[in-house]
Amino acid sequence: MHRLSAGISAIVLGLAAATGVAAQTPKVTVIHAGALLDRPGQAPRGPSTLVIRAGKVESVRDGFVAPEAGATLIDLKDQFVLPGLIDMHVHIFNDDDKLRARIEGANRDIEDNLVIGIDNARRTLEAGFTTVRDLGSDVRGVTALRDGINGGLLAGPTIVPAGRAIAITAGHADGSNNLNRDLAEIARARAENVCNGPEDCRRAVRSQIGQGAEVIKFTATGGVNSNIAGGLGRQMFDDEMKAIVDTAHMFNRKVAAHAHGTDGIIAALNAGVDSVEHGTFGTRETDALFKKTGAYFVPTMLAPQAALSQARAGARSKATLEKAEIAGRAAMDNHRRAIASGVKIAFGTDTGVSSHGDNGKEFALMVSVGMTPAEAIKSATVTAAELLDRSATLGTLEPGKDADIVAVATSPLEDVTELERPTFVMRHGVVHRLAGQRQAFPPN
């Protein structure tokens, strides 16, 4: 493990040296915004000025205020400006080419996946998503990528990593499923995320936290893309789920539960999870339980559509095709009912199933099942920041908060699909996209 970690660090440092990442960002940047949604959920402001200093929002002023001497001025007077977007469910190392990934999987090493992840991170950031919660990646790899981005060596969003999802033997996220006996033996020997029984599940949670996981994910039910049949129903006992949640909370980590089937959603909510991902077969009973427990729902509406398309094209297994067809039929109607009932919704896409950089397409799906554009935007800013426990730094554009900023050509409150086409992206005061053109990182 130490050799792998050292190899990852060498790649990150080597890429930084090769791209000449050493310049300093301007100390002060002034942004003139034609319209500013500084606090999603409230009405936007008209012409406004944002003053950015040392990667933070220093002030927000009405009108176009002249920049101080030596400041960099960014003219977005014809643009609509809002906080950087947050995606609460991605898999940053997943290859968009699923068929290629299946063919090459046995030949790839952790360093190969890191290179894929670096490119995915860049594309995610350029799509306007300045923060993501990664809910299933090699913990050493994703924390190295996180640290490279936070250290200014690489372009990408802030990553809140879960490490590898906790699963039971033969469950969704058990990487040994359906492998030949030799590969399965190797996979099981390394499967520190796989647990059976409450004591073993406590160990699995501690293992991920010990390697850098900032949130814990477990698979309460089967999954669409598992390389195994068995449906989408519950896969863990109550005491296993409770052990995972209690252990994570003891370490001040929130818990996300992958759950499709109704029985798994109910069990995960009763165990005390902080969010449920997918929630395909939610019911009025689960809606009420969400509100009773205060848990958040992350619908990931893009995922079943993408999985179904891939399975029909032959890039997924027969078991996946059958499950994708079932999930695709059920998800949207059940999400519509949950939204109408007042369940707290946090934005998430399951990107990595769908393509990296397409995250913004989730907004139109959310609106299609009953959310207003304003509500959908709030779910990807204010509400997502609440779920992350980072409202002090993310979600709105106020003094003292991170200068994570996105602009689009016209108001997404009128046409939410504008969020699929950001014209400007800034993270921590560094510009990564301007006028639709990719920026050098860091900018000269």
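For the reader, a short list of remarks on this structure follows.
- Residue satisfying condition, being within 18 Å of Gln208 (Cβ to Cβ) and either of a type outside the set (Asp, Glu) or surrounded by fewer than 24 Cβ atoms within 10 Å (Cβ to Cβ) (or both), within set Ile118, Ile159, Ile149: Ile159
- Selection status of Gly55, under 28 Å from the mean Cα position of the chain (by Cα) and small (Gly, Ala, Ser): yes
- Residue in the range 59-66 that is without any contact (Cβ under 8 Å) to a residue 24 or more places away in the chain and of a type outside the set (Gly, Ala, Ser) present: yes
- Filtered residues of the range 126-146 (kept if within 28 Å of Ala435 (Cα to Cα) and of a type in the set (D, E, K, R)): Glu126, Arg133, Arg146
- All positions within the range 273-298 that are acidic (Asp, Glu) and surrounded by fewer than 24 Cβ atoms within 10 Å (Cβ to Cβ): Asp274, Glu285, Asp287
- Residue list for the range 202-222, restricted to those being touching a residue at least 12 places away in the same chain (Cβ under 8 Å) and not aliphatic (A, V, I, L, M): Arg202, Arg206, Ser207, Gln208, Gln211, Gly212, Glu214, Lys217, Phe218, Thr219, Thr221, Gly222
- The set of residues from the range 65-98 being more than 23 Å from the chain's Cα centre (by Cα) and under 23 Å from Thr349 (Cβ atoms) comprises just one member, Phe80.
Okay, residues lined up against (1) at pLDDT below 90; (2) closer than 21 Å to His258 by Cβ; (3) of a type in the set (A, V, I, L, M):
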{"site": "Ile92", "(1), (2), (3)": "no, yes, yes"}
{"site": "Asp95", "(1), (2), (3)": "no, yes, no"}
{"site": "Lys98", "(1), (2), (3)": "yes, yes, no"}
{"site": "Ala101", "(1), (2), (3)": "yes, yes, yes"}
{"site": "Leu125", "(1), (2), (3)": "no, no, yes"}
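- The lone exception for Gly348 - which of (1) more than 12 Å from Ile86 (Cα to Cα); (2) not in a helix (DSSP H, G or I) it fails: (1)
- Flag if Val205 is surrounded by 16 or more Cβ atoms within 10 Å (Cβ to Cβ), at pLDDT 95 or above and either out of contact with any strand residue (DSSP E or B) (no Cβ under 6 Å at 6 or more places or on another chain) or under 20 Å from Ala259 (Cβ atoms) (or both): yes
- Test: Arg188 is modelled with pLDDT of 90 or more, touching a Ser or Thr at 6+ places or on another chain (Cβ under 9 Å), surrounded by fewer than 18 Cβ atoms within 10 Å (Cβ to Cβ) and assigned to a helix (DSSP H, G or I): no
- Considering the range 127-145, the residues that are surrounded by fewer than 24 Cβ atoms within 10 Å (Cβ to Cβ) and either in contact with a strand residue (DSSP E or B) (Cβ under 8 Å, 6 or more places away or on another chain) or on the phi > 0 side of the Ramachandran plot (or both) include one that is modelled with the lowest pLDDT, namely Val139.
- Of all residues in the range 246-272, those satisfying the criterion of being buried (at least 24 other Cβ atoms within 10 Å of the Cβ) and of a type in the set (Val, Ile, Thr) are Val255, Ile265.
The values are calculated or read from the model by the stated rules, or taken from the named source; none is laboratory data. What you see is a predicted model, and the numbers here were worked out from it, not measured in a lab. Don't worry about glycine lacking a Cβ; one is built from the backbone with ideal geometry, like all the others, and counts go over all protein chains shown.
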